[in-house]
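Chemist: Got a structure here, written out as structure tokens. Questions coming.
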Amino acid sequence: MKILILVHSATGHTLFVANELKMALQAKKHVVDLTPIVASDEKTQNESLISLSPLPTCAPYDLVLIGAPVRAFSATPAIKKALKQLEGIHGKNCILFTTEQLPLNFMGGNQAIKKMKNALLEKGALVVDSSIIHWNSPSKADAINAFINAVVQGYAYE
Ligand SMILES: Cc1cc2nc3c(=O)[nH]c(=O)nc-3n(C[C@H](O)[C@H](O)[C@H](O)COP(=O)(O)O)c2cc1C
């Protein structure tokens, strides 16, 4: 399969998960492109004040994985803006992931995933799975591995 990983990450946590996913999928012979979303301003919560690095079209891909951190109990302005701009996503299977510092899903993770999911549903994409990784959790590594295994097993190379 041809897989796109689109990731926004300000301090590297979500990018780490994205890179692990990439390596695991490549080991199963998938063709994987990883595109970081770089925002002109990481401090503002106002998405109209930021510009983004160029986004690829999702049209050539069989599966799109989208990751971004939690910010202020929601998704980041950069990922919200990127999902509005994203092209070629209609009808595509998508998997979402987020990283957050606080220990419980309702402390931002749920809201971030919901924001991203709704933005994708509006564009006719299909959200088939999602994961929230708690960066301070002692079981963080297990959570990352469980997520990666679920993605890899769900899309076994044929
Ligand atoms: C401005 C700001 C707001 C944040 N808000 C939250 C929050 O509401 N809930 C939470 O659990 N973590 C919050 N965090 C922590 C980040 O979500 C967490 O460190 C994440 O793993 C960072 O991912 P990154 O390294 O990919 O940018 C916030 C971080 C920053 C800088």
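Chemist: From the residues in the range 66-81 that are out of contact with any Leu (no Cβ under 6 Å at 6 or more places or on another chain) and part of a strand (DSSP E or B), which one is farthest from the ligand (Cβ to nearest atom)?
Modeler: Filtering first and then ranking leaves A75.
Chemist: I'd like the residue in the range 39-70 that is among the β-branched types (V, I, T) and closer than 19 Å to L121 by Cα and, out of all such residues, is nearest to the chain's Cα centre (by Cα).
Modeler: If we take residues in the range 39-70 being among the β-branched types (V, I, T) and closer than 19 Å to L121 by Cα, then I66 is nearest to the chain's Cα centre (by Cα).
Chemist: Quick one: which residue in K22, K43, K84, K29 is surrounded by fewer than 13 Cβ atoms within 10 Å (Cβ to Cβ), free of Cβ contacts under 8 Å to residues at least 24 places away in the same chain and either basic (K, R) or not in a helix (DSSP H, G or I) (or both)?
Modeler: K43
Chemist: Could I ask something else about it? Cβ contacts < 7 Å: first residue within 19 Å of W135 (Cα to Cα), restricted to the range 53-81; second residue assigned to a loop (DSSP other than H, G, I, E, B) and within 10 Å of the ligand (Cβ to nearest atom), any location; separation 6+ or different chain. Result?
Modeler: A68/T76; P69/S9; P69/A10; P69/T76; V70/G108; A72/Q45; F73/G108; S74/G108
Chemist: Please determine whether any residue of the range 146-157 is surrounded by 17 or more Cβ atoms within 10 Å (Cβ to Cβ), farther than 25 Å from S51 by Cβ, away from the ligand (no atom under 12 Å from the Cβ) and over 14 Å from the mean Cα position of the chain (by Cα).
Modeler: Yes: the range 146-157 contains one or more residues that are surrounded by 17 or more Cβ atoms within 10 Å (Cβ to Cβ), farther than 25 Å from S51 by Cβ, away from the ligand (no atom under 12 Å from the Cβ) and over 14 Å from the mean Cα position of the chain (by Cα).
Chemist: It is to be established whether one or more residues within the range 100-112 are within 16 Å of E47 (Cβ to Cβ), under 12 Å from the mean Cα position of the chain (by Cα) and either assigned to a helix (DSSP H, G or I) or among the polar types (S, T, N, Q) (or both).
Modeler: yes
Chemist: Taking the conditions exactly as written (within 11 Å of the ligand (Cβ to nearest atom) and surrounded by fewer than 21 Cβ atoms within 10 Å (Cβ to Cβ)), does N110 satisfy them or not? Even if it seems obvious, please write down each step before you answer.
Modeler: Values: within 11 Å of the ligand (Cβ to nearest atom): yes; surrounded by fewer than 21 Cβ atoms within 10 Å (Cβ to Cβ): yes.
So N110 fits the description; yes.
Chemist: Which members of the range 128-157 meet the condition of being part of a loop (DSSP other than H, G, I, E, B) and within 25 Å of I89 (Cβ to Cβ)?
Modeler: Y155, A156, Y157
Chemist: Going residue by residue through the range 4-17, is there one that turns out to be outside any loop (DSSP other than H, G, I, E, B) and among the small types (G, A, S)?
Modeler: no
Chemist: Oh, and also: Give E42, E47 a once-over and let me know the one that is at pLDDT below 95, closer than 25 Å to N105 by Cα and either more than 13 Å from the ligand (Cβ to nearest atom) or among the acidic types (D, E) (or both).
Modeler: So the residue among E42, E47 that is at pLDDT below 95, closer than 25 Å to N105 by Cα and either more than 13 Å from the ligand (Cβ to nearest atom) or among the acidic types (D, E) (or both) is E47.
The values are calculated or read from the model by the stated rules, or taken from the named source; none is laboratory data. None of these values were measured; they are calculated from a predicted model. Neighbour counts are summed over all protein chains in view; Cβ atoms, including those assigned to glycine, are modelled from backbone coordinates with ideal geometry.
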